[in-house]
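A quick write-up on the structure given underneath.
The values are calculated or read from the model by the stated rules, or taken from the named source; none is laboratory data. Quick caveat, the model's predicted, so the values are computed rather than measured. All Cβ positions, even for glycine, are placed from backbone atoms using ideal geometry, and neighbour counts span all protein chains on display. Accessible surface is based on the protein model in full, side chains and every heavy atom, while ligands, DNA and RNA are left aside. Shrake-Rupley method; radii C 1.70, N 1.55, O 1.52, S 1.80 Å.
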Amino acid sequence: MPLDTAQTGPRPGRLTSHEARQRLEHARNSRLAQLRALDESAQSTDAHLVSAQTEAIQRVLTEIDEAFARVDDGAYGTCQGCAKPVPAERLEILPYTRYCVACQGRATA
């Protein structure tokens, strides 16, 4: 019978789904605040720069939504490149990451 991590605690080095959701919500709220700030400063800033920043933030928001789906299906925290656990420290910095550092380097190379 599988152990319920809500009762037994997280596996060492892994985030609970509650912790993952909290980090993802924080990342989402930060990006949404950035979008609001861009909208407010759009008149006094270079339109091309604002557009590029908005697109980048939208991409991250999409990655955050995809990370929520991985939490729901149990794949969160597992590298999509090598299927090994993504270190908790990396997930603290980039809670929406899909890859461990090594696989991220290969994915962007």
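Each residue was assigned an accessible area with a 1.4 Å probe, and for Asp46 the value is about 90 Å². Helices assigned as whole DSSP H runs in the chain whose Cα atoms extend at least 30 Å along their own long axis and whose mean Kyte-Doolittle hydropathy is -0.5 or higher are found at 47-73. Work out the P(r) tail for the stretch 21-80: percent of alpha carbon pairs separated by more than 15 Å, whole number. Summing the P(r) tail past 15 Å for the stretch 21-80 gives 55 percent. In this rough spin-label picture, where each label sits 7 Å from Cα along the Cβ direction, the Leu38-Phe68 distance is 1.9 nm.
Treating each Cα of the chain as an identical point scatterer and summing with the Debye formula, the log10 of I(q)/I(0) at q = 0.13, 0.18, 0.23 Å⁻¹ comes to -0.57, -0.91, -1.22. Largest first, the residues Leu49, Leu91 sort by 1.4 Å accessible area into Leu49, Leu91. When the accessible area of the chain is computed with all protein chains present and a 1.4 Å probe, what percentage of it is carbon and sulfur? Taking all protein chains in place, the chain shows 53 percent carbon and sulfur surface. For Ala52 and Cys82, the difference between the fully extended length at 0.36 nm per residue and the C-alpha to C-alpha distance is 7.7 nm. Amide hydrogen proximity for Thr78: with H placed 1.01 Å from N in the peptide plane, the residues at 5 or more positions away or on another chain lying under 5 Å are Val86.
For the stretch 40-89 versus the stretch 93-109, the inter-centroid distance based on Cα atoms is 12 Å.
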